[in-house]
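Laboratory data are not the source of any read-out in this text; all were calculated from the coordinates shown. Worth saying up front: this structure is predicted, and the values here are computed from it rather than measured. FYI the Cβ positions are ideal-geometry reconstructions off the backbone, even for glycines, and counts take in every protein chain you see.
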């Protein structure tokens with residue numbers, strides 16, 4: 001073929017344009033002078049499909065016997081890529097069986113089917129029982145049964161109240177509710193229970209403190225728990241003028257702190273409780289803690305003499321630290337009709353959290369009774385005699401407080 005024919009037949013232009021490929025066709029290469037044949041190279045990369053999920057994680061398998069190292073040659077002498085051994089159905093079944101056996105072994109070891117959180121059910125039940133024993137005592141089952149029986153009776157209308165509105169069932173429920181607070185939170189220690197008469201009337205006279213009168217509730221609980229008798233508190237007028245509070249106070253046995261009601265309770269053989277310091281005692285600053293205020297004019301001594309019942313001094317240590325009173329807002333207190341509006345290190349700064357009492361250690365001691373039957377009932381009209389007996393009771397409580405503070409040591413540990 002001459003030079004002119006080569007120019008006219010496929011010899012000009014870019015080789016390979018006719019078939020729209022990046023490499024020239026075989027005809028074009030023959031016309032172009034017989035260029036050596038080259039294997040077409042594709043620029044499109046092959047995407048390897050992800051392997052299917054397996055039932056259990058398995059280790060990577062080593063190359064099979066027919067595979068060779070990268071760049072090596074197989075039996076044909078051509079370079080071959082390494083191949084992984086395929087996971088068969090038998091391998092997956094074995095992995096699933098091993099996982100099932102491991103789960104069964106853990107279940108047998110735990111002794112119960114674990115919950116979704118991973119805590120066995122029997123451990124949760126054991127923890128709840130231990131918590132009930134710590135809060136309610138070892139006889140927690142009996143206490144819960146008694147509580148449920150009391151609730152059923154009240155729903156059926158099977159309850160009675162006395163002339164003062166005292167409801168023994170409500171008092172029992174209140175005692176059960178206070179017990180965890182007294183025993184676990186305040187770690188109450190009671191002394192001199194033998195000084196409380198087993199029967200007949202008596203007047204318990206105690207110091208008052210704590211910003212909020214919790215000492216009255218704890219004292220009533222101690223008398224009920226350790227002496228087996230109900231304490232009938234004598235409260236101020238403000239207690240019974242408050243909504244809800246006044247009704248509850250009547251239900252748990254409280255009555256107005258007046259001469260007539262006090263004498264009626266004592267002559268009927270009840271245990272009456274009085275806190276002569278009143279609001280001056282619970283509202284005093286923390287700097288004056290355990291310093292007794294005035295005991296009034298001796299009205300409680302007069303009631304005890306007329307009823308011819310003993311007076312039992314009661315000393316309470318621990319109430320002063322539950323709400324340390326560091327300030328007061330008298331103007332706002334008068335506007336609200338309250339004797340004082342307390343400010344503590346945590347209230348009102350922390351809001352409702354500031355109402356949680358601090359866990360101070362409490363000691364309640366019932367002192368030796370002061371006999372009044374040595375005097376005639378008419379002696380209650382002698383102001384000097386009333387003053388002397390009142391001062392004797394006050395001094396006994398004050399000296400006992402000092403001794404209890406030494407015995408207790410740190411208020412919180």
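Between residue 399 and residue 373, with labels modelled 7 Å along Cα→Cβ, what's the label distance in nm to one decimal, could you check?
2.5
Using a/c under 1.5 as the rounded threshold, could you call the stretch 281-340 rounded, prolate or oblate? The axes a ≥ b ≥ c are square roots of the C-alpha gyration tensor eigenvalues, and prolate needs a/b larger than b/c, oblate otherwise.
Oblate, because a/c is 1.5 or more while a/b does not exceed b/c.
With the Cα gyration tensor of the stretch 257-409 giving a ≥ b ≥ c as the square roots of its eigenvalues, does the rule (a/c under 1.5 for rounded; else a/b larger than b/c for prolate; else oblate) give rounded, prolate or oblate?
It comes out prolate by the Cα gyration axes.
If I model a spin label as a point 7 Å beyond the Cα along the Cα-Cβ vector, how far apart are those points for residue 286 and residue 350 in nm?
Here the answer is 1.2 nm between the modelled labels.
What's the FRET efficiency of residue 407 with residue 155 using the Cβ-Cβ distance as r and R₀ = 56 Å, to the nearest 0.05?
0.75
Does the stretch 324-370 classify as rounded, prolate or oblate by the C-alpha gyration tensor (a ≥ b ≥ c root eigenvalues; a/c under 1.5 gives rounded; else a/b over b/c gives prolate, otherwise oblate)?
Oblate shape, in that a/c is at least 1.5 and b/c is the bigger or equal ratio.
Give the residues of the stretch 178-193 whose amide nitrogen is closer than 13 Å to a point set 7 Å from the Cα of residue 146 in the direction of its Cβ.
178-180
Could you order peptides 244-255, 213-224, 331-342 by the average number of other Cβ atoms within 10 Å of their residues, highest first?
213-224, 244-255, 331-342
Would you mind getting me the FRET efficiency between residue 94 and residue 334? Use the beta-carbon distance for r and R0 = 51 Å, nearest 0.05.
With R0 = 51 Å, the Cβ-Cβ based efficiency is 0.05.
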